[in-house]
Amino acid sequence: MVLLAAIDQGTSSSRFLVFEADTGDLVTSHQIEVRQLFPEPGWVEMDPNEIIETVKECIVKVVEKLERLGISPDEIKSIGIANQRGRLLFGTVDTWLIWKLTGQHVTDVSNASRTLLLDLHKRKWSSQLCNFFEIPANILPQIKSSAEVYGTITDGPLKGFPIAGCLGDQQAALFGPDSPVVYALEGSGSIGGNVVRFLRDNFNFIKDASEMEKICRSVETTEGVIFVPCFTGLYTPYWDPTARGTILGLTQVTNRAHICLAALRAVAYQSAEMIKAVEEDLGDSDLVHTLKTDGGMTANMLFNEIQAEIIGKVIKTPKITEISGWGAAVAGGIGAQQISIDDFSARDPLATTYMPHSDENRRAADLERWKDAVNRARGWAQSAK
């Protein structure tokens, strides 16, 4: 048996996952939530030491689970990394993880591009940009491809095992051959699955994310409630750091189910606006017909139905919910020369299709109402000073 492993380090949790190479089936995994710190309104921080410690603990727990299943950890042939993108005070999350696990100071192209210091044509650090921002090039990590051996783990139960793949989390979900290089237009939403965490931790509306679908299905509509969860500002297509989270349309009949449903719809509205922005940038208003979605929220069937309805596109969800982890595991297997990209190019991991049912006029009216709510949320941080 050939097993491929992945570290999936995201904004809400750290995970270590082990897959069966031939089938893509998840053998076992372990997940630990990572705290988000909010020292001031609009600020979000994470402790880098907590990030690496949760990753290490996940590895230990998975090894224990494998042994209980009667599977030797030696069956793991490679480890890949899928990480949240963005920055620490200095550097990127993947570089921090690889440095702490292997002692190597490297990054991959997908994470390097996120720094805005990468020369996209040469795939090297841009001397012009480094000079402009007064950043010494010698403090930057070595840029490698997304599938090659970066180093071996220096301690713990998987000491000596190679880390051989690394991609930013969204790129990992779109994993493909390493040549030719393909760059993607990307939209960023102000919040996704973390809105569910917010409803749990701040409002105590739910005890666990798995409760969301049942609660939301208990009502047919939001009863006019619109939730704009832009806690740290608005991203695509507004790019407004002064926007703040807003709930509009509350009445005497509003309850937690209406607000929870409005939260799911808010994530779908953000997706709709990102897709429209991409289509406008490419000059084709009817470019996208089918969307392949992934991530923890796709386990919520109602959310998938809502996305199809609001976006007006066919939605396809994967058999493997956390497909970014699978992509990183495959990249690691290829980087360690355990498998070939040809083994996976013909596979379609998609399991379920959701069709849009609402008419175009209703969809357009709902989106305009969402935009009206967004405009009311904008400028709030500025006006509150």
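Criterion first (of a type in the set (Val, Ile, Thr), at negative phi and in a loop (DSSP other than H, G, I, E, B)) does THR54 satisfy it? Give the steps one after another, and end with the answer.
Details: of a type in the set (Val, Ile, Thr): yes; at negative phi: yes; in a loop (DSSP other than H, G, I, E, B): no.
So THR54 fails the test.
Within the range 270-278, does at least one residue satisfy the condition of being of a type in the set (Lys, Arg), touching a His at 6+ places or on another chain (Cβ under 8 Å) and either in a strand (DSSP E or B) or over 15 Å from CYS216 (Cα atoms) (or both)?
Initially, the range 270-278 is screened for residues of a type in the set (Lys, Arg), giving 276.
In the following step, the residues that additionally are touching a His at 6+ places or on another chain (Cβ under 8 Å) were identified as none.
No, that holds for no residue.
How about the range 291-325: which of its residues are at pLDDT below 90 and assigned to a loop (DSSP other than H, G, I, E, B)?
Residues satisfying the conditions are THR293, ASP294, GLY295, LYS319, ILE320, THR321, GLU322.
Testing THR95 on (1) modelled with pLDDT of 95 or more; (2) among the polar types (S, T, N, Q); (3) under 17 Å from LEU167 (Cβ atoms); (4) assigned to a helix (DSSP H, G or I), one condition comes back false. Which one is that?
Only one criterion in (1) modelled with pLDDT of 95 or more; (2) among the polar types (S, T, N, Q); (3) under 17 Å from LEU167 (Cβ atoms); (4) assigned to a helix (DSSP H, G or I) is unmet by THR95, namely (1).
With small (Gly, Ala, Ser), crowded, with 17+ Cβ neighbours inside 10 Å and touching a Leu at 6+ places or on another chain (Cβ under 6 Å) as the only criterion, which of ALA262, ALA268, ALA243, ALA257 stands out? Lay out the reasoning, then the answer.
Values: ALA262 fails: touching a Leu at 6+ places or on another chain (Cβ under 6 Å); ALA268 fails: touching a Leu at 6+ places or on another chain (Cβ under 6 Å); ALA257 fails: touching a Leu at 6+ places or on another chain (Cβ under 6 Å).
Exactly one of ALA262, ALA268, ALA243, ALA257 is small (Gly, Ala, Ser), crowded, with 17+ Cβ neighbours inside 10 Å and touching a Leu at 6+ places or on another chain (Cβ under 6 Å), namely ALA243.
Has the range 209-227 got at least one residue that is in a strand (DSSP E or B) and buried (at least 17 other Cβ atoms within 10 Å of the Cβ)?
Residues of the range 209-227 in a strand (DSSP E or B): 226-227.
Retained after the next criterion (residues that are buried (at least 17 other Cβ atoms within 10 Å of the Cβ)): 226-227.
Yes, some residue in the range 209-227 is in a strand (DSSP E or B) and buried (at least 17 other Cβ atoms within 10 Å of the Cβ).
Sort out which residues of the range 57-84 are in contact with a helix residue (DSSP H, G or I) (Cβ under 8 Å, 6 or more places away or on another chain), free of Cβ contacts under 8 Å to residues at least 40 places away in the same chain and assigned to a helix (DSSP H, G or I), and write them in order of number.
Once the filter is applied, which keeps residues that are in contact with a helix residue (DSSP H, G or I) (Cβ under 8 Å, 6 or more places away or on another chain), free of Cβ contacts under 8 Å to residues at least 40 places away in the same chain and assigned to a helix (DSSP H, G or I), the range 57-84 yields only GLU67.
Being over 12 Å from ILE275 (Cα atoms) and surrounded by 21 or more Cβ atoms within 10 Å (Cβ to Cβ) is the filter here; which residues of the range 310-319 pass it?
From the range 310-319, those over 12 Å from ILE275 (Cα atoms) are 314-319; that's our starting set.
Across the range 310-319, the qualifying residues are ILE315, THR317.
The values are calculated or read from the model by the stated rules, or taken from the named source; none is laboratory data. Bear in mind the structure is a predicted one, so any value in this text is a computation, not a measurement. Every residue, glycine as well, gets a Cβ built from its backbone with ideal geometry; the counts of neighbours run over all protein chains shown.
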